[in-house]
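What follows is a single structure, written as structure tokens, with notes after it.
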Amino acid sequence: MSMQFWKPGTVAPGSSLDRATESEGALLQSAPVSTAFVGLQEQRERLPIFRYKRQLLYTVEKYGVTIVVAETGSGKTTQLPQYLFEAGWAAKGHVIACTQPRRVAATSVATRVAQEVGSILGDEVGYTIRFEDVSDKQRTRIKYMTDGMLFRETMVDPLLSRYSVIMVCTVPPESSLRADDNKVDEAHERSLYTDLLLGVLKKIRRKRPSLRLIISSATLDASTFLHYFSSSPPQPFEATVLNIPGRMYPVEIAYLSEPTEDYVRKAVQTVWDLHLKGNRDGSGDVLVFLTGREEIERALYEISELLPTLPNSAPRLNVVPLHAGLSTSDQLQVFQTSERGSRKVVISTNIAEASVTIDGIKFVIDCGFIRVHNPVTSLSSLVTQPISFSSAVQRAGRAGRTAPGVCYRLYTVDSLSQLSKSTAPEVTRVDLTTPILQLKGLGIDDLMKFEWVSPPPAENVLRALETLVAAGMLNRDDARLTEVGAKVAEVPVDIGVARMLWGSKEFKCGEEILTIAAMVAVQDVFVIPDGAAGAMAELERRKFTAEEGDHLTLLNAYNAFIRYGKSSKWCQTHALSFRAMSRAVSIRAQLKKYMTRFGLPTESCEGDATRLRRCLVSGMWRNGAKWVADGTYRSVRGNVTLHVHPNSVMFTRKPRSGWVVFHEMEETKKTQIRVLTEIEPDWLLEYGHKYLDRHTGEVKT
Ligand code: CDP
Ligand code: MG
């Protein structure tokens, strides 16, 4: 395999990886001892934050809002809540909350801290993420949660009165790393719910000044937050910034000399070459950034194909995935220290960029892309786009946390100048329909008066409001919540799914719709590996296939899972993920509670698939698409060319009516739709008309 890397300044352009590895060899010599044999307590005391413990506690005592600036991995998330706990902030039934923008970050960090504290997870230390609560109402003192969950909690407890301190992690990209990466003057990449939560917390602090906030932030964001949390003129002890210097080792950067067509393959090659030519003892783990689960699985598969050719003399290779679709226990594999004579390769989504820290990484391979929500189209649409410059810097930095490292960028040095400086905060880019419904649910009616850290474009707010009016969630005249809207705001699903649940009353199919709603909330229920095993799995899956499409196929799989006693063995022989199926069971139970509470019956449609499909359309009529002769579809909204995802049972089949609704849309090189069901075109019109715009006569989308 020939490599096309060169390092500016160190090796001539076009030279192979061999030369590059020589210099890495030298760097590797100076690697510090592994932390495997160091006790937990000692590890804690080694973190940069440890020496600032007293100062931190003093500041939190004194100031309402403390903005902590420290590099990723310095111990903010794992240590600070423990310091507060030890100092008595969780006395008298109080809870210390720490929010994370991602599910994986919340669960992995909670697990780690439970270990450090010596508690069973879910007891003194717990976590809460959507559809999964591993915490105890009475006993949990330190609670990790996604910011979305804490935001939701304000609907039940508007002053968040159980919490004495709330720490919000804002996922900071690093400001600058090395000379040639220069300064980044703006660096934001906050998640949508981080911003919504900050807005609500600011409001709460006015009414309950005893609440303490800690905002963990990047250098460049710190002044934004300081400004945001200070009144004008500033009052004493309102907000302050605390800087904690971190440790960072130099990271060499290598680029491709030619752009690559296929960065997944390139990443695999790079891992392989690196492994064969790197240290004999396997020291120096590798972190690979790809954009999503499918790419990660492909890379795993391609590496596994190469493994039989690994020479006996080479160290072992332990490849582990990291993405949001993994179970908590699978995620934790990533953090296991590699044994001597074995090299760990973590293949991850953007999660490992700033939300989780893995020790022992010496090599980073960066594909240069990220998957984000699409600003233009709405419902569940994702696009793959080049990362920002600040992301590139942050990703490279992951190689230099414990010793000098190397980052291989799978793009050319020229393309660096084309990267945008930073990615705008999510709130300015994404569909706001569900968040705005939730803000209304919190009684925040005047959205223009809501204090955004970064205000979203007015047109996005307006579009969301129109959608909500069209969906019957807001009154047309005063944009206040309707009776249904107020209820839907409480349910943790997007409004399309919510409308389906409410629609099931009319179509008498609550039983089945509930299952479908749970199954679509879980990703990747079917496990279809590549190769021969995949063909077998595909045959197994066909046993569940419904003519009508994916929604009913999912329903069949779920019902069979229940009929065969929820057995993991049974799942294995039927190409189903036991973990995903179990999650669906739990989500279904939770959604069912909402249905009961809102008086929605859970009758069965008794096998009447037409009724069921009409109910699907009542929720998803905005996602209609028409089949065209070349096997693709055109969306009703926007007339976009859509490709069916290969996982769909509709992949090779033309719908008899020529029409479908779909649940999800994703943009990579082309726009793909997943989870399709065949429908009659009249049904789309029927729902379209219900939401017809009074003024223009156009169907509102
Ligand atoms: O929040 P911040 O990025 O400052 O750091 P952290 O998440 O508190 O991580 C501090 C250290 O804890 C990391 O450098 C890891 O050594 C360790 N850690 C771990 O071993 N397992 C985890 N799940 C999380 C952190
Ligand atoms: Mg953190």
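The values are calculated or read from the model by the stated rules, or taken from the named source; none is laboratory data. All values derive from a computational prediction rather than experimental measurement. Positions of Cβ are backbone-derived with ideal geometry, glycine not excepted, and every protein chain shown enters the neighbour counts. Ligands, DNA and RNA are excluded from the accessible area calculation, which covers all protein heavy atoms including side chains. Shrake-Rupley method; radii C 1.70, N 1.55, O 1.52, S 1.80 Å.
Which ones in the range 381-392 are modelled with pLDDT of 85 or more and buried (at least 24 other Cβ atoms within 10 Å of the Cβ)?
Of all residues in the range 381-392, those modelled with pLDDT of 85 or more come to 386-387, 392.
Within the range 381-392, I387, A392 qualify.
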**Message:** What's the total number of residues in the range 96-105 that are out of contact with any Asp or Glu (no Cβ under 9 Å at 6 or more places or on another chain) and either within 11 Å of ligand 2 (Cβ to nearest atom) or more than 20 Å from R139 (Cα to Cα) (or both)?
**Reply:** 4
**Item:** Wholly within the range 35-145, strands (runs of 3 or more DSSP E) carrying at least 1 residues that are within 12 Å of ligand 1 (Cβ to nearest atom) and within 26 Å of T337 (Cα to Cα)
**Value:** 65-70, 95-100, 125-129
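Quick test for you: out of N312, N279, N318, pick the one residue that is over 22 Å from the mean Cα position of the chain (by Cα), closer than 19 Å to A352 by Cβ and not in a helix (DSSP H, G or I). Break it down into steps so the answer makes sense when it comes.
On the way: N312 fails: closer than 19 Å to A352 by Cβ; N279 fails: closer than 19 Å to A352 by Cβ.
Testing whether each residue is over 22 Å from the mean Cα position of the chain (by Cα), closer than 19 Å to A352 by Cβ and not in a helix (DSSP H, G or I) leaves just N318.
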**Prompt:** With respect to T270, is the statement that it is without any contact (Cβ under 8 Å) to a residue 60 or more places away in the chain and more than 17 Å from the chain's Cα centre (by Cα) true?
**Reply:** no
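So that you can scan it fast, the table gives a plain yes or no per residue for (1) in the same structural domain as M500 (by TED's automatic domain parsing); (2) over 27 Å from the mean Cα position of the chain (by Cα); (3) of a type outside the set (F, W, Y):
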{"position": "F544", "(1), (2), (3)": "yes, yes, no"}
{"position": "Y558", "(1), (2), (3)": "yes, no, no"}
{"position": "P601", "(1), (2), (3)": "yes, yes, yes"}
{"position": "K626", "(1), (2), (3)": "yes, yes, yes"}
{"position": "S635", "(1), (2), (3)": "yes, no, yes"}
{"position": "G658", "(1), (2), (3)": "yes, yes, yes"}
**Item:** Search result, residues across the range 525-539 that are at pLDDT 80 or above and of a type in the set (D, E, K, R)
**Value:** E538
**Request:** Those residues that are touching a helix residue (DSSP H, G or I) at 6+ places or on another chain (Cβ under 9 Å) and open to solvent by 50 Å² or more (accessible area, probe 1.4 Å), I need them from the range 482-501; list them, please.
**Result:** V484, K487, E490
**Message:** Can you list the helices (runs of 4 or more DSSP H) lying wholly within the range 510-566 that have 2 or more residues being of a type outside the set (V, I, T) and without any contact (Cβ under 8 Å) to a residue 24 or more places away in the chain?
**Reply:** 531-542, 550-563
**Asked** Can you tell me which of D147, D123, D133 is within 14 Å of ligand 2 (Cβ to nearest atom) and either open to solvent by less than 20 Å² (accessible area, probe 1.4 Å) or assigned by TED's automatic domain parsing to the domain that holds L47 (or both)?
**Response** D147
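Applying the selection to the range 71-95, what residues are of a type in the set (V, I, T) and within 10 Å of ligand 2 (Cβ to nearest atom)? Write out each step before concluding.
Of all residues in the range 71-95, those of a type in the set (V, I, T) come to 72, 77-78, 95.
Within the range 71-95, T72, T77, T78 qualify.
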**Request:** Identify the residue in the range 217-242 that is at pLDDT 90 or above and within 16 Å of ligand 2 (Cβ to nearest atom) and, among all such residues, is surrounded by the fewest Cβ atoms within 10 Å (Cβ to Cβ).
**Result:** L242
**Prompt:** Which is aliphatic (A, V, I, L, M), assigned to a strand (DSSP E or B), open to solvent by less than 10 Å² (accessible area, probe 1.4 Å) and touching a Ser or Thr at 6+ places or on another chain (Cβ under 8 Å), of I214, I296?
**Reply:** I214
**Request:** Find all pairs meeting these conditions: Cβ atoms under 7 angstrom apart; at least six residues apart or on different chains; first residue within the range 325-343 and modelled with pLDDT under 80; second residue charged (D, E, K, R) and open to solvent by 70 Å² or more (accessible area, probe 1.4 Å).
**Result:** S327/R579
**Message:** Can you go through L612, L576, L591 and tell me which one is buried (at least 19 other Cβ atoms within 10 Å of the Cβ) and modelled with pLDDT of 95 or more?
**Reply:** L612
**Item:** Residues located in the range 448-464, provided they are surrounded by fewer than 20 Cβ atoms within 10 Å (Cβ to Cβ) and among the aliphatic types (A, V, I, L, M)
**Value:** M448, A458, V461, L462
**Asked** Between a first residue in the range 61-86 that is more than 18 Å from Y144 (Cα to Cα) and a second residue that is within 15 Å of ligand 2 (Cβ to nearest atom) and of a type in the set (F, W, Y), which pairs have beta carbons less than 8 Å apart while being 6 or more apart in sequence or on different chains?
**Response** none
**Item:** Pairs, first within 16 Å of S191 (Cβ to Cβ) in the range 432-457, second open to solvent by 30 Å² or more (accessible area, probe 1.4 Å) and of a type in the set (K, R), C-beta under 9 Å, six or more apart
**Value:** L432/R463; Q438/R152; V453/K202; P456/R429
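Yes or no, residue by residue, for (1) modelled with pLDDT under 95; (2) crowded, with 21+ Cβ neighbours inside 10 Å; (3) not assigned by TED's automatic domain parsing to the domain that holds S348:
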site: A254; (1), (2), (3): yes, yes, no
site: E261; (1), (2), (3): yes, no, no
site: R265; (1), (2), (3): no, no, no
site: D273; (1), (2), (3): yes, no, no
site: L276; (1), (2), (3): yes, no, no
site: R280; (1), (2), (3): yes, no, no
site: S283; (1), (2), (3): yes, no, no
site: L287; (1), (2), (3): no, yes, no
**Request:** Output the residues belonging to the range 511-561 that are open to solvent by less than 20 Å² (accessible area, probe 1.4 Å), out of contact with any Pro (no Cβ under 9 Å at 6 or more places or on another chain) and more than 27 Å from I495 (Cα to Cα).
**Result:** G534, R541, F544, A560, F561
